[in-house]
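One structure is given below, encoded as structure tokens.
The values are calculated or read from the model by the stated rules, or taken from the named source; none is laboratory data. Quick caveat, the model's predicted, so the values are computed rather than measured. All Cβ positions, even for glycine, are placed from backbone atoms using ideal geometry, and neighbour counts span all protein chains on display. Side chains included, ligands, DNA and RNA excluded: accessible areas come from the protein's heavy atoms. Shrake-Rupley method; radii C 1.70, N 1.55, O 1.52, S 1.80 Å.
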Amino acid sequence: SNYEIDLFVALLKGASSILGGVALEEKSLRVIADHIRASVFLIADGVMPSNEGRGYTLRRIIRRAVRHGNKLGASEPFFHKLVDVLVEVMGEAYPDLVAAKVQVEKILLQEEQQFAKTLDKGMRVLEQDLERLSASVIPGETVFTLYDTYGFPVDLTNDIARERGLTLDYEGFERSMEAQRNRARASSKFGVDYNDSLQIDGETTFIGYEHVSSQAEVRSVLVAGAESSAASGQDCLVVLDVTPFYAESGGQVGDTGELRWSGGRMKVSDTRKEGKNFIHVGTVLEGVLDKGQKVDACVDDAKRSATALNHSATHLLHAALRQVLGEHVVQKGSLVDSERLRFDFAHFEAVSVAQLEEITAMVNRQIRANTPVLTTLTDMKSAKEMGAMALFGEKYGDEVRVLMMGENSFSVELCGGTHAQRTGDIGSLVIVSEAGISSGVRRIEALSGESAEKWVRDMVGQVRDAAEVLKCNRDNIAEKVQAQLDRTRQLEKELQMLKSKLAASAGADLAQEAIQCGDVQVLAARLDGVDRKGLLDSADKLKNQLGDAVVLLLTVDDDDKIMVVASVTKSVSKRFPAGELVKDVASILGGKGGGRPDMAQGGGVELAGIPSALEKVRQWVESKL
């Protein structure tokens with residue numbers, strides 16, 4: 001079989017060694033050996049573990065292998081350690097594996113650690129359900145809960161079921177899935193998309209790469225999604241025979257501007273594409289717009305230019321990310337408008353501050369180089385030979401636009417958007433945020449051009465204002481802030497000590513309010529000006545001071561929330577369990593509580609119930625005598 005060839009023998013021995021000398025005949029070892037090969041090649045090829053598409057397939061492969069490792073006794077992450085074995089066997093034939101080795105190991109380790117948490121939670125739920133199971137079929141609702149709430153793959157549940165001689169109720173699972181889909185559709189707040197019903201013949205000629213205004217003829221006018229002969233003073237969709245308006249595509253927003261004609265004007269708020277036609281979305285502000293009308297189509301040039309700068313900056317950012325973080329970085333989405341740019345990309349961990357600084361510096365060096373932005377129309381084969389990156393999932397025609405920018409072809413990508421003439425036109429780029437938006441996908445938001453300049457001015461202004469408030473210069477703001485934080489922490493400690501002393505003093509006075517109920521002392525009181533810790537300490541001290549005692553204290557914090565603490569001497573805690581007492585008292589206060597027989601806590605929100613709650617303590621103790 002395949003498992004007897006040199007490649008698999010090496011992987012089987014490596015897995016066996018890592019797992020503590022498992023017998024090579026174990027079937028689970030074969031699963032692990034097969035899956036490490038698939039996982040490493042997928043990740044090296046740019047696929048990242050995720051919850052959809054190729055990434056979900058990869059995640060399932062990894063998790064199945066980890067599950068089989070657990071069956072063989074693995075209690076710690078092990079799968080990522082096999083990367084070294086695979087690279088040693090196949091690295092010479094596939095040099096990309098060698099280059100990606102460190103990244104792949106990090107990604108697999110992260111997946112193992114994440115899955116360990118998922119597996120632990122899901123297994124606890126599954127074991128509880130299996131204990132109650134009376135038949136040999138695991139209910140579809142249970143399978144769905146594991147999948148939807150705990151991220152437990154269905155095939156993994158099926159593996160566990162098969163090991164125990166059980167089957168899954170797939171029909172029940174599908175019913176639960178369909179119910180969830182229906183709930184999602186019902187809660188959707190999206191309005192009607194008239195583009196869904198548009199059926200327009202012909203084709204709009206786009207001339208926006210060269211022009212931002214042109215004469216055109218109105219081919220179609222649509223009002224409320226239906227063909228109309230004219231529009232006046234209302235929202236509508238307009239199709240022209242020729243347009244300089246760029247339609248939303250590739251992350252770049254659609255152009256805005258105006259359509260003008262003798263005696264009339266339409267504001268264009270967006271431009272979309274439907275088939276081969278460009279849809280101008282807007283409102284007729286003056287006059288009547290008739291089908292067949294000759295108009296002047298005028299793009300808002302300032303917004304178009306600012307958008308183009310952000311789009312060009314996005315390409316430089318993408319190239320810099322790949323150089324700094326690795327070739328596994330690929331675009332997962334983007335949004336480019338006149339105000340900012342947003343770029344989503346595949347990466348397995350947060351980008352460090354040092355890396356962000358390096359990326360920003362790299363992009364700005366390319367901007368300062370002020371090289372021309374070159375566009376070439378060619379076929380797909382030639383584009384790939386030029387080194388152009390094509391995005392997975394994007395559709396490309398027979399003719400493609402290859403965009404090159406930066407020194408030594410710093411960025412080469414396929415792109416149909418509008419761009420700067422030279423990199424220097426961008427001005428500068430600043431990254432304002434970096435965060436994870438889903439597993440294996442990060443998001444950077446950045447600014448360029450005037451928006452970047454304004455952001456820097458605002459930041460300088462904030463630093464200046466902070467320096468004035470702190471009475472220092474801008475060079476030592478961090479030191480001054482740290483000193484203030486240290487001082488604040490010290491004051492907080494001193495305040496806590498004072499509160500504790502006040503609570504102790506008040507507690508000592510409270511001891512005199514205790515009443516004798518049978519053979520125990522009972523004390524129920526409100527103690528203000530203390531936090532939860534002070535309340536606990538006071539209750540404990542009072543209990544020790546009173547001997548055999550039942551003590552309940554409560555306080556109200558600044559948000560009008562009631563904190564309750566009960567402390568009972570251990571010698572009488574079986575007769576007067578603190579947890580039961582707090583539960584009864586908290587119910588009067590509109591809250592909940594519980595705990596050990598000798599110490600319990602709770603809370604509530606009904607301030608008017610405090611007198612009744614305190615009185616309840618004596619009644620409760622008397623009921624136990």
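Worth pointing out:
- Which numbered condition ALA346 misses (of (1) surrounded by fewer than 17 Cβ atoms within 10 Å (Cβ to Cβ); (2) in contact (Cβ under 8 Å) with a residue 40 or more places away in the chain; (3) under 27 Å from GLY254 (Cα atoms); (4) small (Gly, Ala, Ser)): (1)
- Qualifying residue in the range 26-49 (condition: at pLDDT below 90, among the charged types (D, E, K, R) and within 30 Å of ARG442 (Cβ to Cβ)): yes
- The strands (runs of 3 or more DSSP E) found wholly in the range 327-386 and carrying at least 2 residues that are among the charged types (D, E, K, R) and touching a Lys or Arg at 6+ places or on another chain (Cβ under 7 Å) occupy 341-346.
- Residue check, VAL47 outside any helix (DSSP H, G or I), in contact with a Gly (Cβ under 9 Å, 6 or more places away or on another chain) and of a type in the set (Val, Ile, Thr): yes
- Residue check for ASP559: open to solvent by 70 Å² or more (accessible area, probe 1.4 Å) and either without any contact (Cβ under 8 Å) to a residue 40 or more places away in the chain or assigned to a helix (DSSP H, G or I) (or both): yes
- Any hit, the range 529-547, residues being in contact (Cβ under 8 Å) with a residue 24 or more places away in the chain, among the aliphatic types (A, V, I, L, M) and farther than 26 Å from LEU495 by Cβ: yes
- Taking the range 331-341 as the range and being closer than 26 Å to GLU111 by Cα and open to solvent by 60 Å² or more (accessible area, probe 1.4 Å) as the test, only LYS332 passes.
- Output for the range 89-117, where each listed residue is open to solvent by less than 20 Å² (accessible area, probe 1.4 Å) and of a type outside the set (Gly, Ala, Ser): LEU97, VAL104, ILE107, LEU108, GLU111, GLU112, PHE115
- Annotation: of all residues in the range 351-380 being among the hydrophobic types (A, V, I, L, M, F, W, C) and open to solvent by 60 Å² or more (accessible area, probe 1.4 Å), the one that is farthest from the chain's Cα centre (by Cα) is LEU377.
- One residue stands out in the range 293-308 among those that are open to solvent by 40 Å² or more (accessible area, probe 1.4 Å) and not in a strand (DSSP E or B): the one that is nearest to LYS267 (Cα to Cα), namely ASP300.
- Unique residue being of a type in the set (D, E, K, R) and part of a loop (DSSP other than H, G, I, E, B) when the list is LYS574, LYS533: LYS574
- Count of the range 127-146 residues which are assigned to a helix (DSSP H, G or I) and modelled with pLDDT under 80: 6
- When the range 501-516 is limited to residues that are at pLDDT 90 or above and surrounded by fewer than 19 Cβ atoms within 10 Å (Cβ to Cβ), the one that is nearest to SER571 (Cα to Cα) turns out to be GLN516.
- Qualifying residue in the range 87-100 (condition: closer than 20 Å to LEU156 by Cβ and either in contact with a helix residue (DSSP H, G or I) (Cβ under 9 Å, 6 or more places away or on another chain) or not in a helix (DSSP H, G or I) (or both)): no
- Residues that are within 30 Å of LEU470 (Cβ to Cβ) and open to solvent by 20 Å² or more (accessible area, probe 1.4 Å) occur in the range 517-533; there is at least one.
- LYS592 being within 21 Å of GLN516 (Cβ to Cβ), modelled with pLDDT under 95 and not polar (S, T, N, Q): no
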